[in-house]
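J.: Let me give you the structure first, and then I'll get to my questions.
The values are calculated or read from the model by the stated rules, or taken from the named source; none is laboratory data. Everything numeric in this text was worked out from a predicted model, so none of it was measured. Counting neighbours? That spans all protein chains shown, and the Cβs are built from the backbone with ideal geometry, glycine included.
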Amino acid sequence: MTDSSAKTGPLGGIMVIELAGIGPGPYTGQLLADMGADVVVIDRPGGGMPKAVDGRGKRSIVLDLKKPEAVETLLKLVAKADVLIEGLRPGVTERMGVGPDACHAVNPGLIYGRMTGWGQSGPWSHMAGHDINYISMTGVLNAIGKDGQPPVPPLNMVGDFGGGSMFLLSGILAALIERERTGKGNVVDAAIIDGTHSLMSFVHGMAGLGQWQTKREANLLDGAAPFYRCYMTADGKFMAVGCIESQFFAAMMERLPIDQEAFGHQHDMAARAKQHEMLEDVFATKTRDEWEAIFAGTDACVTPVLDYVEAAAHPANAERQAVVQDGRWLHPQIAPRLATQPLASHFEIATKGGDYAAILAGAGLGESDISQLIAAGAVIAN
């Protein structure tokens, strides 16, 4: 159970209703909760995904929105809220009776955040999809991987969370600021495909300058350059090399037992195959930890490739408390860091339905009202 009154942060006093989902919507709610918002998750009856890291700092109530009493209850919560987040297909919340028009009828100042893959309109708006599908339609997926081999999905970081959550979050925050001027709410149509297109701005800019090709492994940042890729070490692990600028490249070369005259100029395109091979050979002579010791504290832009467990324990992250071990969970620290908000050392993860009494009381319902809702099956008491 999360105590909303104990929350601190710049979004303190902001109430967010989050219709339960997976991926980018709940992560947006997590970021808002991290910044102090009171995020109330409307969970569904029955099973579903167990609460995990993206449930931290939130409260939960289970409503059966197939029942009119539950819809009426949700609208009472909406009447007191600042933001609503939903990640259903276009038209679903309208059919449920909690679409933007219904919610704005009870709260004209509400920011209604909609998270979809394809957007609220367009020929594909009602199609199913996942991160890999959305980024496949933006040029991102085609750009990642080895030439002549299938593209490599970058987990679901780029589409769901980069093109989705971050743009829903920025839209919500912008709409909250606008509301301060106008007093009016808004609807945020955050489509993963739109956000991911926006993330491609740098690539489109490079292409416009004649410095980017559609072919994989042919560009500055896609593994084609010997100075921007990963190399295997003697223990089967990897080092990440990213010394783009000439002074950083020089700092790397100073620490490698390589004949620099034989290696050639950093940007000699004709020598790239040879340079790749020379760097592969030299990095294979030492373990990852040995190379890390050589490059630590330098401007060579050479770092170890860590898994997420190693990353949490690494001194560079541990000193900043970048990841917090809290029970069974590894929690990424609240980000970004504000001077007025202390770092977190403990995160409370919502219990499904565990806050129904406090949530309903906050909406002005008395004990008898709550008992009637439970008896009607509109509220599931846990």
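J.: Can you name the condition, by its number, that GLU290 falls short on among (1) among the charged types (D, E, K, R); (2) surrounded by 12 or more Cβ atoms within 10 Å (Cβ to Cβ); (3) under 22 Å from LEU220 (Cα atoms)?
T.: Against the list (1) among the charged types (D, E, K, R); (2) surrounded by 12 or more Cβ atoms within 10 Å (Cβ to Cβ); (3) under 22 Å from LEU220 (Cα atoms), GLU290 comes up short only on (3).
One line per residue, one yes/no per condition, for (1) touching a Phe, Trp or Tyr at 6+ places or on another chain (Cβ under 6 Å); (2) within 18 Å of TYR134 (Cβ to Cβ):
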residue: LEU168; (1), (2): no, yes
residue: GLY171; (1), (2): no, yes
residue: ALA175; (1), (2): no, no
residue: THR182; (1), (2): no, no
residue: VAL188; (1), (2): no, yes
residue: MET200; (1), (2): no, yes
residue: VAL203; (1), (2): yes, yes
residue: GLY208; (1), (2): no, no
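J.: Which helices (runs of 4 or more DSSP H) does region 280-382 wholly contain that include 2 or more residues that are within 32 Å of the chain's Cα centre (by Cα)? Talk me through it step by step, then tell me what you get.
T.: Values: elements: 288-295, 308-313, 315-318, 356-362, 367-375.
Where helices (runs of 4 or more DSSP H) fall fully within region 280-382 and carry at least 2 residues being within 32 Å of the chain's Cα centre (by Cα), they are 288-295, 308-313, 315-318, 356-362.
J.: Looking at the structure I just gave you, is VAL16 in contact with a Phe, Trp or Tyr (Cβ under 9 Å, 6 or more places away or on another chain) and on the phi < 0 side of the Ramachandran plot? Step through it out loud before you land on a result.
T.: Values: in contact with a Phe, Trp or Tyr (Cβ under 9 Å, 6 or more places away or on another chain): no; on the phi < 0 side of the Ramachandran plot: yes.
Taking the combined requirement at face value, the residue does not satisfy it.
J.: Here's a follow-up. Name the single residue that is surrounded by the most Cβ atoms within 10 Å (Cβ to Cβ) among those in region 1-16 being more than 21 Å from the chain's Cα centre (by Cα) and at pLDDT below 95.
T.: Our first condition is that a residue be more than 21 Å from the chain's Cα centre (by Cα); within region 1-16, this holds for 1-8, 12-13.
Next, from what is left, pick out any that are at pLDDT below 95: 1-8.
Numbers: MET1: 12, THR2: 24, ASP3: 10, SER4: 21, SER5: 8, ALA6: 7, LYS7: 18, THR8: 12.
Once the filter is applied, the top-ranked residue is THR2.
J.: When the residues of region 17-53 are narrowed to those that are more than 18 Å from LEU65 (Cα to Cα), at pLDDT 95 or above and more than 16 Å from the chain's Cα centre (by Cα), which ends up surrounded by the most Cβ atoms within 10 Å (Cβ to Cβ)?
T.: Top of the filtered list is VAL39.
J.: What do you reckon, is GLY183 surrounded by 11 or more Cβ atoms within 10 Å (Cβ to Cβ) and not basic (Lys, Arg)? It would help to see each step written out before you state the result.
T.: On the way: surrounded by 11 or more Cβ atoms within 10 Å (Cβ to Cβ): no; not basic (Lys, Arg): yes.
Spelling it out, it is not the case that GLY183 is surrounded by 11 or more Cβ atoms within 10 Å (Cβ to Cβ) and not basic (Lys, Arg).
J.: Working only within region 295-324, note down all residues that are within 21 Å of ALA225 (Cβ to Cβ) and surrounded by 15 or more Cβ atoms within 10 Å (Cβ to Cβ).
T.: Filtering region 295-324 for residues within 21 Å of ALA225 (Cβ to Cβ) gives 295, 298-305.
PHE295, ALA300, CYS301, VAL302, THR303, PRO304, VAL305, listed by residue number.
J.: Can we say THR214 is touching a residue at least 60 places away in the same chain (Cβ under 8 Å) and part of a helix (DSSP H, G or I)?
T.: Working: touching a residue at least 60 places away in the same chain (Cβ under 8 Å): yes; part of a helix (DSSP H, G or I): no.
No.
J.: If only one of ILE258, ILE193, ILE244, ILE177 is surrounded by fewer than 18 Cβ atoms within 10 Å (Cβ to Cβ), among the aliphatic types (A, V, I, L, M) and in the same structural domain as SER125 (by TED's automatic domain parsing), which one is it? Quick ask: steps written out before the conclusion?
T.: Numbers: ILE258 fails: in the same structural domain as SER125 (by TED's automatic domain parsing); ILE193 fails: surrounded by fewer than 18 Cβ atoms within 10 Å (Cβ to Cβ); ILE244 fails: in the same structural domain as SER125 (by TED's automatic domain parsing).
Of ILE258, ILE193, ILE244, ILE177, the one residue that is surrounded by fewer than 18 Cβ atoms within 10 Å (Cβ to Cβ), among the aliphatic types (A, V, I, L, M) and in the same structural domain as SER125 (by TED's automatic domain parsing) is ILE177.
J.: Quick one: would you say ALA70 is touching a residue at least 12 places away in the same chain (Cβ under 8 Å), exposed (fewer than 15 other Cβ atoms within 10 Å of the Cβ), aliphatic (A, V, I, L, M) and over 30 Å from ALA224 (Cα atoms)?
T.: no
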